[in-house]
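Here the structure is laid out as structure tokens; the discussion comes afterwards.
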Amino acid sequence: MHTVLDRPEVLQVLFHPRKNYGSPYSTTDVRLISVGVEPGVRVGGRLYPAESNSPLIIFFHGNGEIAAEYDEIAEFYHQIGVTFLVWDYRGYGLSTGTPTVGNLLKDAAALFERTPDICRTNKLDPKRTYIMGRSLGSASAIEVAVRSSKGLMGIIIESGFSDTFSLLSRLGVRIKSINEDSDGFGNLTKIMKVEIPLLVIHGEADVLIPPHNGRELFEGCGTQQKRLVLIPGGGHNDLMFVGLKTYFDALEAFVYKDEVDRN
């Protein structure tokens, strides 16, 4: 499975693993998490707890990032009362192993299944849990939502892609005679099966993953409870900072929607 995407020339542009050495980037309360995903391979994450029963967002980052870089960003999640759990991929941060597409998707599901254990160990009992993915991480988040929507209150996609091979072409790898669903990530087909609430955030000025990708994921999603937020002037890697208030206002409204509806 995914033999096309696990070709060396594809892996070279899809993954840019970096290790994390030294101290955290900030003094934010951060707890290091490590989960065994197969014999001899552990995937690391960083947990930024808010209150014990605060909503939990599980986050998969972009292909050129590591979880430690979210130490300062986590403070914005705390300001809206959210516990934030950021996972690395194999080979990234403190994780061992080698990243591949097959491992990316398999690990995402395995890590989500360990969430209750992680919460108990850290004395957390989140009243709601959400899955979130940025850029490459959108594939992980969608995979989790399709496989394990039970226990999830919603899915959040930031700068996600709907078509694998158009993205690869923009990254300089052109592959012909392929099928998105059998050879690619199949994000658009998968999200059609998602029935939990959806929030899509995308930059209108994103040239790496143009905004029509976000629109297609939004329109294709099987749920009726969905919202699309396009941030004017937002590119691929500055989206949160160009539209910081819009970004976190949208997250807060999405995560606390049920409470607002009851009032």
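The values are calculated or read from the model by the stated rules, or taken from the named source; none is laboratory data. Everything numeric here is computed off the predicted structure, so don't read it as measured data. As a convention, Cβ positions derive from the backbone with ideal geometry for all residues, glycine included, and neighbour counts pool all protein chains shown. Accessible surface is based on the protein model in full, side chains and every heavy atom, while ligands, DNA and RNA are left aside. Shrake-Rupley method; radii C 1.70, N 1.55, O 1.52, S 1.80 Å.
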Cβ-Cβ below 9 Å, separation at least six or inter-chain, first residue in the range 153-175 and free of Cβ contacts under 8 Å to residues at least 40 places away in the same chain, second aromatic (Phe, Trp, Tyr) and surrounded by fewer than 24 Cβ atoms within 10 Å (Cβ to Cβ): which pairs? 174/165
With the checklist (1) in a helix (DSSP H, G or I); (2) closer than 24 Å to residue 126 by Cα in hand, flag the one item residue 201 doesn't pass. (1)
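If you go through the range 181-214, how many residues are under 19 Å from residue 146 (Cα atoms) and open to solvent by 10 Å² or more (accessible area, probe 1.4 Å)? Break it down stepwise before answering.
The initial filter retains those residues of the range 181-214 that are under 19 Å from residue 146 (Cα atoms), namely 181-200, 213-214.
Keeping just the survivors that are open to solvent by 10 Å² or more (accessible area, probe 1.4 Å) gives 181-183, 188-190, 192-193, 195-197.
Counting residues in the range 181-214 that are under 19 Å from residue 146 (Cα atoms) and open to solvent by 10 Å² or more (accessible area, probe 1.4 Å) gives 11.
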Pick from the range 147-174, criterion of a type in the set (Ser, Thr, Tyr) and assigned to a loop (DSSP other than H, G, I, E, B), ranking: most open to solvent (accessible area, probe 1.4 Å): 149
Members of the range 157-179 found to be more than 17 Å from residue 11 (Cβ to Cβ) and either in contact with a Phe, Trp or Tyr (Cβ under 7 Å, 6 or more places away or on another chain) or not basic (Lys, Arg) (or both), listed by number: 157, 158, 159, 160, 162, 163, 166, 177, 179
If you go through the range 125-151 one residue at a time, how many are modelled with pLDDT of 95 or more, over 23 Å from residue 181 (Cβ atoms) and over 8 Å from the mean Cα position of the chain (by Cα)? 5
Take the residues of the range 91-119 that are within 15 Å of the chain's Cα centre (by Cα) and charged (D, E, K, R): which is nearest to residue 59 (Cα to Cα)? 107
Would you tally the residues in the range 41-89 being more than 29 Å from residue 208 (Cα to Cα) and either modelled with pLDDT under 95 or of a type in the set (D, E, K, R) (or both)? 2
So which of 91, 97 ends up being assigned to a loop (DSSP other than H, G, I, E, B), open to solvent by less than 20 Å² (accessible area, probe 1.4 Å) and either among the small types (Gly, Ala, Ser) or touching a His at 6+ places or on another chain (Cβ under 6 Å) (or both)? 91
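Go through 190, 226, 257, 245 for me and flag whichever is at pLDDT 95 or above, among the basic types (Lys, Arg) and in contact with a Pro (Cβ under 8 Å, 6 or more places away or on another chain).
From the options 190, 226, 257, 245, the qualifying one is 226.
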Scanning the range 30-75 for residues that are β-branched (Val, Ile, Thr) and farther than 18 Å from residue 141 by Cβ, which turns out most open to solvent (accessible area, probe 1.4 Å)? 30
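Does the range 229-239 contain any residue that is surrounded by 20 or more Cβ atoms within 10 Å (Cβ to Cβ) and either of a type in the set (Ser, Thr, Tyr) or free of Cβ contacts under 8 Å to residues at least 24 places away in the same chain (or both)? Let's see the steps before the verdict.
Step one: list which residues in the range 229-239 are surrounded by 20 or more Cβ atoms within 10 Å (Cβ to Cβ), which gives 229, 231, 234, 239.
With the extra rule that they be either of a type in the set (Ser, Thr, Tyr) or free of Cβ contacts under 8 Å to residues at least 24 places away in the same chain (or both), the set shrinks to none.
No, the range 229-239 contains no residue that is surrounded by 20 or more Cβ atoms within 10 Å (Cβ to Cβ) and either of a type in the set (Ser, Thr, Tyr) or free of Cβ contacts under 8 Å to residues at least 24 places away in the same chain (or both).
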Evaluation of residue 117 against (1) open to solvent by less than 20 Å² (accessible area, probe 1.4 Å); (2) in a helix (DSSP H, G or I); (3) closer than 20 Å to residue 33 by Cα (one fails), failing number: (1)
Would you tally the residues in the range 38-88 being in contact with a Lys or Arg (Cβ under 9 Å, 6 or more places away or on another chain), closer than 22 Å to residue 109 by Cα and in a loop (DSSP other than H, G, I, E, B)? 8
